Amino acid sequence: MADTEQLFVRDVTLECQPTRVGNNLSFPYTITNSSDVDIYVMDAVPAVDPSTRQAVADRNSVVIYLMSDGRAHVLRGIAPLPTDRRVYMRVIPLAVKLAAGATLTRQIEVPLPLAETSPYFPDLPLRQYEPVDLPGVRFSVEYLRGTVEGFSATPVDFADDLLRVAARNTVGMTERVSCSYQTQRISIMKRTDAFPRPD
């Protein structure tokens, strides 16, 4: 990948240089909190271990969708809601606290080819996807500032380092940092159902 374009949001920055590792696309990234307040970076999604049926934190979970400009968006954050039905409860990722002046380093891997993915949509049979070549990828991570109105953070009993976060308007108060890249020889499996693509 080449021609990295970093998009900064005020005093919180994201550095990421994805690489292809075998059959995966690897995203090593660092978030720096240069603000004077704590932020809470979305870092995992609540899940259930199918073998034990115990609650676990899925630390490699991402939302992936094809954007209107033809690029893929790989998002560590709140998934867009379905447009074809109502959901009982919105999936809000678990967060890790990042103190003012501190940095957070993570790495996730996503299988290739990329496929549109959301916690609200199960995988489709292979024939119900359309392969689309990608000119680029945007990688984003979302977070909440600890100073937003109505903010709360409560511990998670199955993951000591993670917190359930909320605010008066959790989705509307969530912020995002992104990096964009041009790609070569990478495609995405586009869903043919009513999959939401907000960008």
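The values are calculated or read from the model by the stated rules, or taken from the named source; none is laboratory data. Note that the structure is a prediction, hence the values are computed from the model and not measured. Positions of Cβ are generated from backbone atoms using ideal geometry, with glycine treated the same way; all protein chains shown enter the neighbour counts. Note: areas computed on protein heavy atoms with side chains; ligands, DNA, RNA excluded. Shrake-Rupley method; radii C 1.70, N 1.55, O 1.52, S 1.80 Å.
Data table
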read-out: Enumeration of residues in segment 71-93 that are open to solvent by less than 40 Å² (accessible area, probe 1.4 Å) and under 23 Å from Leu25 (Cα atoms); value: Ala72, His73, Val74, Leu75, Arg76, Gly77, Ile78, Ala79, Pro80, Pro93
read-out: Number of positions in segment 1-35 that are at pLDDT 95 or above and open to solvent by 70 Å² or more (accessible area, probe 1.4 Å); value: 2
read-out: Members of segment 164-176 that are buried (at least 17 other Cβ atoms within 10 Å of the Cβ) and within 11 Å of Val96 (Cα to Cα); value: Val165
read-out: Test: residue in segment 192-199 that is open to solvent by less than 30 Å² (accessible area, probe 1.4 Å) and not hydrophobic (A, V, I, L, M, F, W, C); value: yes
read-out: Selection from segment 155-194 of residues that are under 30 Å from Arg86 (Cα atoms), part of a strand (DSSP E or B) and among the polar types (S, T, N, Q); value: Ser178
read-out: Unique match (being free of Cβ contacts under 8 Å to residues at least 40 places away in the same chain, over 18 Å from the mean Cα position of the chain (by Cα) and open to solvent by less than 50 Å² (accessible area, probe 1.4 Å)) among Val148, Val156; value: Val148
read-out: Looking only at segment 97-136, and only at residues there that are among the β-branched types (Val, Ile, Thr) and within 13 Å of the chain's Cα centre (by Cα), the one that is farthest from Asn33 (Cα to Cα); value: Thr117
read-out: Among (1) open to solvent by less than 30 Å² (accessible area, probe 1.4 Å); (2) acidic (Asp, Glu); (3) assigned to a loop (DSSP other than H, G, I, E, B) - the single one Glu142 does not satisfy; value: (3)
